[in-house]
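The values are calculated or read from the model by the stated rules, or taken from the named source; none is laboratory data. On a predicted model such as this, the values are computed, not experimentally measured, just so you know. All Cβ positions, glycine included, derive from the backbone under ideal geometry; neighbour counts span all protein chains shown.
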Amino acid sequence: MRNSVTTLFTALALMACMNGAMADNSLPQSPVSMATVLSTLQKSGYTAMSEVKYDDGVYKAHVMNAKGEMFKVLVDAQTGKIIKMRHVRKTYPMPEQNMISLQTALQDVEEAGYMQVSKVEFEPSHYEVKAVDKTGKEVKLAVDAATGAVTPDK
């Protein structure tokens, strides 16, 4: 009897550990999509965005306003409202006029069949994206900043 109780507790402990390992905090678990967050940022006067990512229940963004001032902004993932904004002196790489916007890169990823986008970050020639593919697996993608072509990130 003692061995079967020990075995049962060991099995339950292993299952609890496996459940914790499977939980992924980087995937958005909120009613607010990244597209909604981008729209909120744009309506708030931010004209360019270099990065938006989901982390610990909030969306974190590096953005620029029409005056060229850089900000770090936090958006509540449950309500879609800006909860914190901080002016920063650091400059982030921003897409040039002839490149697609972060919003367009997100659209291209979604149109390619990916979902639950948790990160879009501009690099000098492309956007780095984390999303979920059709099989439910988290993948890294690259979106060409000139053409919008979506490819697996190597």
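Results, tabulated for the structure shown:
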| read-out | value |
| --- | --- |
| Counted residues, segment 119-140 - those being modelled with pLDDT of 95 or more, touching a Pro at 6+ places or on another chain (Cβ under 8 Å) and within 16 Å of S50 (Cα to Cα) | 1 |
| Only listed residue being buried (at least 19 other Cβ atoms within 10 Å of the Cβ) and modelled with pLDDT of 95 or more, chosen from A112, A61 | A61 |
| Unique residue being free of Cβ contacts under 8 Å to residues at least 60 places away in the same chain, in contact with a Leu (Cβ under 6 Å, 6 or more places away or on another chain), aliphatic (A, V, I, L, M) and not in a loop (DSSP other than H, G, I, E, B) when the list is V143, V129, V120 | V129 |
